[in-house]
Amino acid sequence: MQDKRPICAIATAPGQGAIGVVRVSAPEPDIITALAADILGPERRLVARKAAYGPFLAADAQPIDYGLALWFPAPHSYTGEHILELQGHGGPVVQQILLRRVLQVGAAFGIRLAEPGEFTERAFLNDKLDLVQAEAVADLIEASTEQAARSATRSLQGVFSRQIDDLAEQLLTLRMLVEATLDFPEEEIDFLQKADAAGRLARIDDTLRRLFDTAQSGARLRQGLNVVLTGAPNVGKSSLLNALAGAEVAIVTPIAGTTRDRVIEQISIEGVPINLIDTAGLRDTDDPVEKIGIQRTWAEIEKADVVVHLRAADELAREDENQTPGETGQGNGKKAVPAIIPDAGTGSSPEQRSGQGQTGSAPLDISRLEAAIEARVPASARRLTVINKIDLVEGEGQLASGMSDGAPHAQSSATEILRLSARTGQGIEAFRRKLLDIAGFQPGQEGVFIARERHLQALSEALSHLQNARQHVSLGDQALDLFAEELRLAHQALGRITGAVTADDLLGVIFSRFCIGK
Ligand code: GDP
Ligand code: ZN
């Protein structure tokens, strides 16, 4: 099934660099011997895990480059196979020549170019890494913040896997008890009570829940928190974005959306990646380049975790003055934020507020745009209203941020209000902390490991099987086989995470560890 031919690849990043590495992995050592004889020449002797310097020879025995050869005999290598690394100068052309030379010499042994991730795949197949660790290798390489990198390393070290394995172990023990009981039905209730089946189940459930929470934070570190900034032109979206980015210099991922605005900016707050999405660039356009940026923006909006509606404090104050006194019934305090989003499907027509047409590259009407955004964000997204420019309004600085109660806002019940000034920086720290809080992080939080959507799905599947199991155990003995089945499914879901479980391994464990004659 598995294609076990020798593989090779340039292992270093494309482009110019100080060093470039061509890597070969092969299940049998004969190809390594051949490569050494033809490319390293007769003078150079390979010693396991010791660097050997010299020329890399072309077919005509002329040197292609000079560098180090490193040999890792199986099984003590990354892949668990025999590995040869040729470390030369990091020029793309010289690396290609060296790679072609390796392919040429290795042809007799069936060598081919490696698929992406294939070295790591072989490491997994040879039990050098489990699935979680193999994934962590990729996540470490892709990490966009320090926290994400540290967490990936933690997964790579096996922190996540060990917790999964521990849980799987506990589940297995419980399953053995239950399955053994199934064989002796007349004693089952007594037996399960003595074995504290319910207590064991509750403890497993508890641990699994905590693991799920940590994994969720870990997944967040991989994907980042998607924060969508909406609001009329000039409320300060770009300024807020800059204020947040400026507070902690971050890796920036500019996506050329419009000619003027950067659409998505990734910043890092305490090491948690935050993707800030400025919706100002969303408009009808015929420009193909702009269109790509706009599509990308919509795709990110569909994954929004937070939608921030920006308002400008000075404009709110002006709107207030135009209100008939007494109308709000709130006396003299600052009026709550008025609705800026038309109720979907009601008579309120966005065009009424818009004097502009929708052709060419005209900006979309803001209320229509916000309605379109609301229609696309997931139901789970949190809503924040940010009142910016509080420096322009007398007395606003003292107002604490908090929940809006009774505000006539479209999402009133779920909307929190924060007041800040992107210009003076007042309130920015509170906003940063709010985002971290939504992302599920406390400042300085330790012990998070990187995780993926796949892991979360398996964990939540395991959780729901445990929940079913709980119901069966409370129903009593008739449901014992169902109880056993739910435990098996939960166990299987966990096993899928590390790639450990195969369908048949259970029986062997039962017979080797459980004394049925007792
Ligand atoms: P956007 O169109 O929503 O991206 O708004 P900008 O960030 O471009 O800001 C529009 C204008 O408001 C600029 O002149 C900013 O300098 C100004 N501005 C933004 N935030 C603040 C603030 O907190 N206080 C004051 N006084 N001006 C601000
Ligand atoms: Zn802007």
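The values are calculated or read from the model by the stated rules, or taken from the named source; none is laboratory data. This structure is a prediction, so every number in the text was calculated from the model and none was measured. Glycine also receives a Cβ, built like all others from the backbone with ideal geometry; neighbour counts cover every protein chain displayed.
Quick notes on this one:
- Test: Ala304 is within 25 Å of the chain's Cα centre (by Cα) and either at pLDDT below 80 or more than 16 Å from ligand 2 (Cβ to nearest atom) (or both): yes
- Going through (1) at positive phi; (2) buried (at least 18 other Cβ atoms within 10 Å of the Cβ) one by one, Asp196 falls short only on (2).
- Scope the range 269-303; condition outside any helix (DSSP H, G or I) and surrounded by fewer than 22 Cβ atoms within 10 Å (Cβ to Cβ); matching residues: Glu270, Asn275, Arg283, Asp284, Thr285, Asp286, Asp287, Glu302, Lys303
- Test result for Val263, touching a strand residue (DSSP E or B) at 6+ places or on another chain (Cβ under 9 Å), at pLDDT 85 or above and closer than 20 Å to Leu282 by Cβ: no
- Of all residues in the range 54-78 being at pLDDT 95 or above and among the hydroxyl-bearing types (Ser, Thr, Tyr), the one that is nearest to Ile7 (Cα to Cα): Ser77
- Any chance Ala108 is in a helix (DSSP H, G or I), of a type in the set (Gly, Ala, Ser) and either closer than 16 Å to Leu84 by Cβ or assigned by the TED database to the domain that holds Tyr78 (or both): yes
Quick grid of which residues meet (1) closer than 30 Å to Ala168 by Cβ; (2) within 16 Å of ligand 1 (Cβ to nearest atom); (3) crowded, with 21+ Cβ neighbours inside 10 Å; (4) of a type outside the set (Gly, Ala, Ser):
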| position | (1), (2), (3), (4) |
| --- | --- |
| Gln426 | no, yes, no, yes |
| Glu429 | no, yes, no, yes |
| Ile438 | no, no, no, yes |
| Phe441 | yes, no, yes, yes |
| Gly447 | yes, no, no, no |
| Glu453 | yes, no, no, yes |
| Leu463 | yes, no, no, yes |
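- Filter result for the condition that a residue is touching a residue at least 24 places away in the same chain (Cβ under 8 Å) and either under 33 Å from the mean Cα position of the chain (by Cα) or under 12 Å from Phe119 (Cα atoms) (or both), over Ile39, Ile19: Ile19
- Members of the range 274-289 that are among the acidic types (Asp, Glu) and away from ligand 2 (no atom under 15 Å from the Cβ): Asp284, Asp286, Asp287
- Checked against the criterion of being away from ligand 1 (no atom under 16 Å from the Cβ), of a type outside the set (Asp, Glu), crowded, with 18+ Cβ neighbours inside 10 Å and at pLDDT below 90, the range 226-248 has no qualifying residue.
- Leu84 in a strand (DSSP E or B) and surrounded by 16 or more Cβ atoms within 10 Å (Cβ to Cβ): yes
- None of Thr502, Thr424 is at pLDDT below 80, outside any helix (DSSP H, G or I) and either assigned by the TED database to the domain that holds Leu240 or among the hydroxyl-bearing types (Ser, Thr, Tyr) (or both) except Thr502.
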